[in-house]
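Here the structure is laid out as structure tokens; the discussion comes afterwards.
Readers should treat all values here as calculations from the given coordinates under stated rules, not as data from a laboratory. Small disclaimer: the values here were computed from a predicted structure and weren't measured. Note that we place each Cβ from the backbone using ideal geometry, even for glycine, and neighbour counts take in every protein chain shown.
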Amino acid sequence: MTGSICVLAEQWRGHMSEVTYETLALGREVADQLGIPLTAILTGSNARELARTLGAADSVLYVDHPLLAEPVPQPCAQALAQVMADRRPRALLVPLTNVSLGVSTLLSIRLGVAAVNFCKDLTVVDGQLRALCVMYGGKIEVTVEAGGEPAILGIWPGARPADKGRASRPASTIEQITVALEEPRVRLKKYIDPEAGDVDLSRQDVLVAVGRGIQSRDNLGLVEELAKTLGGAVAGSRPVIDQGWLPLSRQVGKSGLTVRPKLYIALGISGAPEHVEGMKDSGLIVAVNSDPRAPIFNIAHYGIVADVVETLPSLTAAIGAKRSVSHHA
Amino acid sequence: MGTCEVTLESLPRYPEGKEILTCIQCGACSGTCPYGEVMDYPPRRMIAMMRAGMLEKVFTSDSLLACVACYACMAKCPRGIRLTEILLPLMKEQTLTHLPELPGELQKALQNTLRYGNPMGEPSRKRAAWVKTAGVPIRILAEDPRPADALWFVECYTSFYPRGQDNSRATARLFHRLGIDFAILGNEEKCAGECGRLTWEPGLFETLMDYNMAVFQKYRFNRLVTSCPHAHNAFKNRYPALGFNWGLEHTTPFLAKYLDRLKPLLARKLDCTVTYHDSCCLGRQNEFYEAPRQLLQAIPGVKLVEMVHNRMNAICCGGGGGGMWLDTYFKAKGYERLSERRVREAVATGADVLAVSCPYEVSRFEDALKVAGYDKQMVVRDVTELLAEAMED
Amino acid sequence: MHILVLLKMVPDVVEELEIAPGGKALDLEYLRMILSESDDHALEEALVLKERHDARITVLALDAPEVDDALFTALAKGADRAIKIVGMDAGLSTRQAARVFSQTIAHEPGILPVDLILTGVQAIDDLDGLIAPLVADDMGLPYLGIITRLDLDAPKHLALAVKEYPGAVRGEFEVNLPAVLGMQAAEKPPRYVPVAKVRATMKSRTVDCLPVPTLADGGWPAVQVVEMRRNEPAGHAEMLEGAPTQVSERLCGILAEHGLL
């Protein structure tokens, strides 16, 4: 694997994360451009079966240890450091998710190399890997070169479509590796699942999502009316959930749910990367925001610069009228 | 005496405090208070508690949150006790430090005002961005510091909110056509801070006063004109302690002084029935009742009608004293929104335009009309907007 | 119980960000700095823990414009000591900043022993790593990030932390103390402190200034910025303009075309 591109395959609670395939697709592109192999690294405990889904890589390294059953950053970084110490790849791509956060930073210190955070894309220029990073809440983009090898690159979800990283055939070679890990000082006691019973956002065709821009909890009534008219459900970005305006089960984004409805209407949502991550693959995205520079307009298909509260009633009325006509037709 | 130095403890020793102690407990204040019925300690009880040395009970309750600084209790007091100017701010200050948690909307507004000079958290460097859309030249003193007759203090909602900017554009056009030698501070301006004081944040208010005074002193002008009655209030009653000694006008009475020159310019007939809402600061506090009405009646085709509660008895829009940032809190408590109570009265007059003179009111009443389902029947316009509309280009 | 809170100032993105000539960094002259949002939450959590466990709080920050406001505000809110590390170059990378923190903690008399180090989970300018894991690794301490609830079991030297996962799932963790934890959100919003109280604190309290430590081994490979630019994305929504009713009508038409009505 010397000189290869590596991807950290993220598994969590017995499933391979979608972001793993997205990152593999990006890794594949870069490896092909550099003319070097692509290696997937999976850490886990009795998770060898999962490694078989990583056929997009030329080879798979599976690191097995009881302490790697749950993705706790320090043991994970410790294991990866051992795997990579004598294998010096060109780069390791680590998904930037709540599951893997911290791993790239820890690993970079152990390997004495630089970590690059916030990468949304990678390119190869004159045989050199360059990362395109989004900083300052999405306001600034930087192109960087990581100092030293391996370059530890934290990759935002959504860098490539997951389907491009899903192979039709299972991985052919899976090499199992054993590592020695210290007694853990951070121990998972249990997972707390969100309360059942509320709407399952991931099953909705239409989502009307609200952010800080709706200003006040009272305006949620207007939002619910629009959602009802469209036959959808109301979702929210993190600040709205944190304020307690909507239950946790309605949160879309990195810490919440990833959704792909046919229609996503973002009301007063600025479009911070944390939120965009959870909804960017929606079929049609419509954004209403009073700030014409809001980053949400960069990923929306249609945009309206307006005060949400002022726009809502006429939007609901127009859609209601149209729907009743089409229903009667 | 600078009221700023008075504390709740020392208040009874000052003339203002002695005056409070002359209260006859008639209850006119509590009866007229728009939120009197929802407060554990409406004004009359508050004074009774002060006499009993039990004020702490009042400011550890949430009664003061519902004070929208409308000056009604003060205006109705037969003893002339100036509650809104003295006791209420001191009580609010104490409430702020005793509340376990400040309502989020209000906290954000206070933090934004301190940091960006406006409660909505808009970039301070874009305060003057609306100027480009005014259609008439507007001089910004930082760029052209020549002396000006009138320093126009634009204020926050009128700088940043789209509907507030309509007011500013109208004002600029009127000033321009009247040939007034005016200039603005542009991005150097920060909120005057009146609500800072009446929103329990004297420290924030003092910070803003210090800042704005230092900016004023850099330039030469004869008088300050502002479209915001809250700012007007601050400049009139608080800033003089720091040496503010320029002439001071609110846009509406200021324009009324130019009525003779204005009239020939108002050539377009508007054909509408207008009812005028007296803002608390401009009306009860400063008794500018007739100037806005004279201006409205100068507009061809305008028929002016009055609401049941008008002038001194006008019902507050609910935005003062921090109410602007407590809508969610009031709603959660189940209080009626005062702006909704007010627009029902306005609609009952049969008018199709609700005219106002305070930048808070445009968004408050437009929201209320929508919520109450009257937005097809009635629009909200600042007096300056109507004047500018009636002025032929 | 001694809680150390690491605070970092970051560019305020409410105000316009300008790129410096040369195109590789932000123009510092136009920058306004503000306390990193998640650091503010870390401070709030420390204050909550102090109320619950009789802890002592030290806040530690790197010198930056407007940092004094942040430090005096922390003191006014209830921090017991505020330290500002001065004398470093502007524009430290996150990795260098973390090193400055850990070296100061380790070598400056009067800071250790520390039972818990809290800081924000991530800042908007953390291009080359995160403060919490960097400091943890430097000091040989356990680390966990994305914490939204926290309590302490002082007799057992344990922190009980809840970490956020995707899908609104939470993970309950037990962490050996001392530890470094990256806070995503405190259990309640950061409290308000009246401006007058901050002003009074500025008169009655002091911020201790410590010189930046010499970094023994700063020789790690750094991230090289090739180019920095404002995010002018390739894609942009088709904007619908006009009065609310017009815009609504147009949008309706579009939704109908997509078979969504």
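Points worth noting:
- The residue among B:Thr207, B:Pro34, B:Gly135 whose Cα reaches farthest toward the positive pole of the charge dipole of the protein assembly as shown, with charges on the beta-carbon of Lys, Arg, Asp and Glu, is B:Pro34.
- Sequence-distant aspartates and glutamates (8 or more away, or on other chains) whose Cα lies within less than 13 Å of A:Lys228: A:Asp205
- Size of electric dipole in the stretch A:231-278: Cβ of Lys, Arg +1 and of Asp, Glu -1, about Cα centre, debye, nearest 20: 160 debye
- Our summary gives chain B a relative contact order of 16 percent, counting only alpha carbon pairs under 8 angstrom and 6 or more residues apart.
- Exceeding the 27 Å Cα-Cα cut-off - candidates C:Lys24/C:Lys188; B:Lys190/C:Lys203; B:Lys108/B:Lys333; B:Lys57/B:Lys331: C:Lys24/C:Lys188
- Ordered by the count of other Cβ atoms within 10 Å of each Cβ, fewest first, A:His301, C:His236, B:His230 give C:His236, A:His301, B:His230.
- Only DSSP H runs of four or more residues enter the estimate; each adds -39500 (n - 2.57), and after division by the residues of chain B the mean residue ellipticity at 222 nm equals -11500 deg cm²/dmol.
- Amide H contacts under 5 Å for A:Phe118: A:Gly154, restricted to partners 5 or more places along the chain or on a different chain, H placed in the peptide plane at 1.01 Å from N.
- Among C:Leu31, A:Pro150, A:Val113 - extreme Cα towards positive end, dipole of the protein assembly as shown, charges at beta-carbon: C:Leu31
- Taking other residues whose beta carbon is less than 13 angstrom from the beta carbon of C:Arg205, and scoring Lys, Arg as +1 and Asp, Glu as -1, yields +3.
- The lysines whose alpha-carbon is closer than 20 Å to the alpha-carbon of C:Lys8, local same-chain residues fewer than 8 away aside, are A:Lys139, C:Lys77, C:Lys84.
- Under Karplus coefficients 6.51, -1.76 and 1.60, residue-wise ³J(HN,Hα) of the stretch B:136-147 in Hz, glycine/proline x: 10, x, 10, 8, 9, 4, 4, 8, 9, x, 4, x
- Over the stretch B:94-227, relative contact order from alpha-carbon pairs under 8 Å, at least 6 apart, %: 31 percent
- Think of chain A as a dipole: +1 on every Lys or Arg Cβ, -1 on every Asp or Glu Cβ, centred on the Cα centre; then among A:Gly232, A:Ala47, A:Gln74, A:Gly232 lies furthest on the positive end.
- Per residue, the average separation of C-alpha pairs within less than 8 Å and at least 6 apart gives chain C a relative contact order of 23 percent.
- Helix B:162-177 axis versus longest C-alpha principal axis of chain B: approximately 50°, rounded to the nearest ten.
- Electrostatic dipole magnitude of the stretch B:149-192 [Cβ: Lys, Arg +1; Asp, Glu -1; Cα centre; debye, to 20]: 240 debye
- Residue exposure sequence - C:His157, B:His277 - by fewest surrounding Cβ within 10 Å: C:His157, B:His277
- Once the Cα atoms are used to define both axes, helix C:244-257 deviates from the longest principal axis of chain C by about 80 degrees.
- The alpha-carbon of B:Lys257 sits under 22 angstrom from the alpha-carbons of these lysines, leaving out residues fewer than 8 places away in its chain: B:Lys236, B:Lys269, B:Lys303.
- Taking B:Ala170, B:Ala231, B:Ala267 as the candidate residues, the one with maximal mean-square fluctuation in a Gaussian network model of chain B, Cα springs under 10 Å, is B:Ala267.
- Sorted by Cβ density within 10 Å, fewest first, the residues B:Phe153, B:Phe182: B:Phe182, B:Phe153
- Using θ = phi - 60° in the Karplus curve 6.51 cos²θ - 1.76 cosθ + 1.60, the 3J(HN,Hα) couplings for the stretch C:108-118 round to 7, x, x, 9, 6, x, 10, 8, 8, 10, 10 Hz; x is entered for Gly and Pro.
- Most fluctuating residue given options A:Gly148, A:Gly236, A:Gly221, as computed from a GNM of chain A linking Cα atoms under 10 Å: A:Gly221
- Each Lys and Arg Cβ is given +1 and each Asp and Glu Cβ -1; about its Cα centre, the protein assembly as shown then shows a dipole of about 1880 debye.
- Simple label model, 7 Å out from Cα along Cβ direction - B:Glu287 to B:His176, nm: 3.7 nm
- Considering only beta bridges that DSSP places wholly inside the protein assembly as shown, some 30 percent are antiparallel.
- Scanning residues 5 or more positions from C:Ile34 or on other chains, those with amide H under 5 Å from its amide H are C:Val10, C:Asp12, with H placed 1.01 Å from N in the peptide plane.
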